[in-house]
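Below you'll find the structure, written out as structure tokens, and then a few comments.
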Amino acid sequence: MAETIGLFILESIGATASITGIGAATVTVAGVSAATIVGTAAIIGASIGLNYALASSVRPDVPKPEDGSQSIKQAVPPRIKGFGTNRLAGYAMLYEASPTQRPGKAYVVNALHSGVVGAFRGFYLNDDLVNTIGDITHGGAAQVAAQDDKGKYAAIYLETHLGIVPEIPNSLLTVDPQINGLWGVNHRGDGVASLTMLCNGISSPQNFTNVYPHNLPSPSAIVDCSPVWDPRDPAQSRSNPATWTVNKNPVLQLIFYLTAEDGGVGLDFDAVIGPNLAAWMGEADLCDQPVARSDGSMEPRYRSDGWYTYDNAPADVIGSILSTCDGWLGEAGDGSLVIVVGVYRPPADPPITADHVLGFSLDYGQADEQLINVLDVTFTDPAQNYVTVPTEPWRDEASISLVGETKSKPLELKWVQSSSQARRLADRAMQRLNPQLTGSFTTTLYGLRYLGRRWVPIQYPFVSGLQNNVVEIQNAEVDLMRGRILWQFSLIATDTIEAYDPATDEGGAPASPPSIVPVLLRREDGNPYIREDGTAYMREASL
């Protein structure tokens, strides 16, 4: 199975690329194919999203969720774009203090996101989730509410901008004559969502540590990122982005990324998506379909929340999206793209038979050095400040019992924000890692009808395991000159591929870190220790 898992790192397919199948299947007879535009590595790498998430030898460049908690100071930073809801700190565009005011003021402006965002849903100062006195979810300025009775953060103001064009001038900066020379009314930041923090000075040294216990805080925000077009909604128009809404559906996000000229690959929608739009929407519906959790509640089957920078490779971004839905991306015979998400459906095509098979190469089971029976699953947890956390490891107990040891591999699901979704994906990933049969077979050009198919029935009575089974296509190479197609496949167990049971397989929720609460320091007589200014000494304790 190493060949399958390693597909995403292939950079080329040799000299026959112009007529060789790319991803699931590609034929290019004339003109330029979508794979040529996107890049061979992008289509091959994204052919099956969970293969990408399972890769450990080469790590993707898409940022980790933790990277959204601290802003970065960089002279010319790459732009950021995201889908769904994410915590973003962005890049510092202004980091200054008033030069002569006493007490002084500090100003921070962070560029969070390229392009308009849907809304701001929350704010962090360091890792403290704070509230504002006033609603600035859709723009505006407001004071941060005191976080305790000593006025923690109460001298801070935040201002948000959604990234509209033209944008509104920054009110916290333009009113200060000592700073608006650096950031005036013309520094609007059109098309860039931003977060501004103003920290007012504190004249009393004793009170300063109460308001700023960690000195200058680092601001970040929970942001509903890029709106995307949903063709299923008649109120939305592809030609009018103002009608789009933020959507966590991975299929809709992939359409945006593949066709967007700014922040995407820029493919021609009418050429690569339009011919199969109805099928794409069918896959989007499957992602939205409610599925049960172990507590009896329901959630959408697949959701995608993540962000990337403009210098990330397309293969990394496409792979990150597909990994949230066990997505399979390929190219049909007409050059259009096909997506199939991780919901098994029996294939409707007639089977490939011995009349069409010219030869084959088979591998039964897995070699000991390739066997994996434990997946160390991680995902992004909003309940823990949007950081990567582990779920319970996914274990193949039958394999562990048979070989007498555990052989683990990481499954990184950075764009997944649900523990139960991560567990469902882990089940599918383990099945892919340990198939009963893998290999390749060569067919006549009759096989052209199966280009763009994820699951293909095969009836080959002379080979054990292929008498009357279904295989998942990993790759296809079309050789028109010789009149044959080479298929790489993995046998699937149709009776267990959808056997996930939340009652037994979901496991427990990730453990949350202990809450930190202030506790009074008291004397032996029970009275608190008091400072000269009348405030009580406190210490932090875990609950």
(request) Could you pull out the residue among ASP288, ASP334 that is open to solvent by 40 Å² or more (accessible area, probe 1.4 Å) and closer than 26 Å to GLY447 by Cα? (result) ASP334
(request) Collect the residues in the stretch 367-402 that are aliphatic (A, V, I, L, M), over 28 Å from LEU125 (Cβ atoms) and loosely packed, with under 14 Cβ neighbours inside 10 Å, keeping them in residue-number order. (result) ALA367, ALA398, LEU402
(message) Considering only residues that are touching a strand residue (DSSP E or B) at 6+ places or on another chain (Cβ under 8 Å) and in a helix (DSSP H, G or I), which ones fall in the stretch 235-249?
(response) PRO241, THR243
(request) Being farther than 22 Å from TRP229 by Cβ and charged (D, E, K, R) is the filter; apply it to the stretch 291-310 and report the residue that is surrounded by the fewest Cβ atoms within 10 Å (Cβ to Cβ). (result) ASP295
(request) Check ILE339 against each of (1) outside any strand (DSSP E or B); (2) touching a helix residue (DSSP H, G or I) at 6+ places or on another chain (Cβ under 7 Å) and name the one condition it does not meet. (result) (1)
(message) Criterion first (open to solvent by 80 Å² or more (accessible area, probe 1.4 Å), modelled with pLDDT of 85 or more and over 17 Å from PRO350 (Cα atoms)) does ARG482 satisfy it?
(response) yes
(request) Report yes if some residue within the stretch 142-154 is open to solvent by less than 20 Å² (accessible area, probe 1.4 Å), closer than 25 Å to LYS248 by Cβ and among the hydrophobic types (A, V, I, L, M, F, W, C); otherwise report no. (result) no
(request) Kindly indicate the residue of the stretch 299-322 that is part of a strand (DSSP E or B) and within 18 Å of ASN247 (Cβ to Cβ) and also nearest to the chain's Cα centre (by Cα) among those meeting that condition. (result) GLY306
(request) Looking at (1) of a type outside the set (Asp, Glu); (2) farther than 30 Å from SER220 by Cα; (3) open to solvent by 30 Å² or more (accessible area, probe 1.4 Å), find the lone condition where THR438 falls short. (result) (3)
(message) It is to be established whether one or more residues within the stretch 320-338 are under 30 Å from ASN468 (Cβ atoms) and of a type in the set (Val, Ile, Thr).
(response) yes
(message) For the stretch 258-275, which positions are farther than 16 Å from SER320 by Cβ, open to solvent by less than 40 Å² (accessible area, probe 1.4 Å) and modelled with pLDDT under 95?
(response) GLY266, LEU267, VAL272
(request) Assess whether LEU158 counts as being touching a residue at least 12 places away in the same chain (Cβ under 8 Å), of a type in the set (A, V, I, L, M) and more than 27 Å from PRO241 (Cα to Cα). (result) yes
(message) If I ask for residues that are within 18 Å of ASP262 (Cβ to Cβ) and hydroxyl-bearing (Ser, Thr, Tyr), which ones from the stretch 59-93 would you list?
(response) TYR91
(request) Within the stretch 462-479, work out how many residues are in contact (Cβ under 8 Å) with a residue 60 or more places away in the chain, touching a Ser or Thr at 6+ places or on another chain (Cβ under 9 Å) and open to solvent by 30 Å² or more (accessible area, probe 1.4 Å). (result) 2
(request) For the stretch 164-206, name all the residues that are touching a helix residue (DSSP H, G or I) at 6+ places or on another chain (Cβ under 9 Å), within 25 Å of ARG121 (Cβ to Cβ) and β-branched (Val, Ile, Thr). (result) THR196
(request) Find the residue count for the stretch 158-177, including only residues that are open to solvent by 20 Å² or more (accessible area, probe 1.4 Å) and either small (Gly, Ala, Ser) or more than 17 Å from MET93 (Cα to Cα) (or both). (result) 6
(request) Determine if the stretch 272-280 includes at least one residue that is part of a loop (DSSP other than H, G, I, E, B) and closer than 30 Å to ASN126 by Cβ. (result) no
(message) Going residue by residue through the stretch 311-327, is there one that turns out to be out of contact with any Cys (no Cβ under 6 Å at 6 or more places or on another chain) and loosely packed, with under 14 Cβ neighbours inside 10 Å?
(response) yes
(message) Just to be sure before I move on: is ILE255 in contact with a Lys or Arg (Cβ under 8 Å, 6 or more places away or on another chain) and open to solvent by less than 50 Å² (accessible area, probe 1.4 Å) in the structure I sent?
(response) no
(message) So PRO347 passes all but one of these: (1) part of a strand (DSSP E or B); (2) surrounded by fewer than 22 Cβ atoms within 10 Å (Cβ to Cβ). Which condition number does it fail?
(response) (1)
(request) Output the number of the condition that LEU125 fails; it satisfies all remaining conditions of (1) modelled with pLDDT of 95 or more; (2) open to solvent by 10 Å² or more (accessible area, probe 1.4 Å). (result) (2)
(request) Considering every residue within the stretch 199-217, establish whether at least one is open to solvent by less than 20 Å² (accessible area, probe 1.4 Å), under 19 Å from GLY140 (Cβ atoms) and either of a type in the set (Val, Ile, Thr) or touching a residue at least 60 places away in the same chain (Cβ under 8 Å) (or both). (result) yes
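The values are calculated or read from the model by the stated rules, or taken from the named source; none is laboratory data. Everything quoted here is computed from the prediction, not taken from an experiment. All Cβ positions, even for glycine, are placed from backbone atoms using ideal geometry, and neighbour counts span all protein chains on display. Each accessible area value is taken on the protein alone, full model and side chains, heavy atoms only, with ligands, DNA and RNA left out. Shrake-Rupley method; radii C 1.70, N 1.55, O 1.52, S 1.80 Å.
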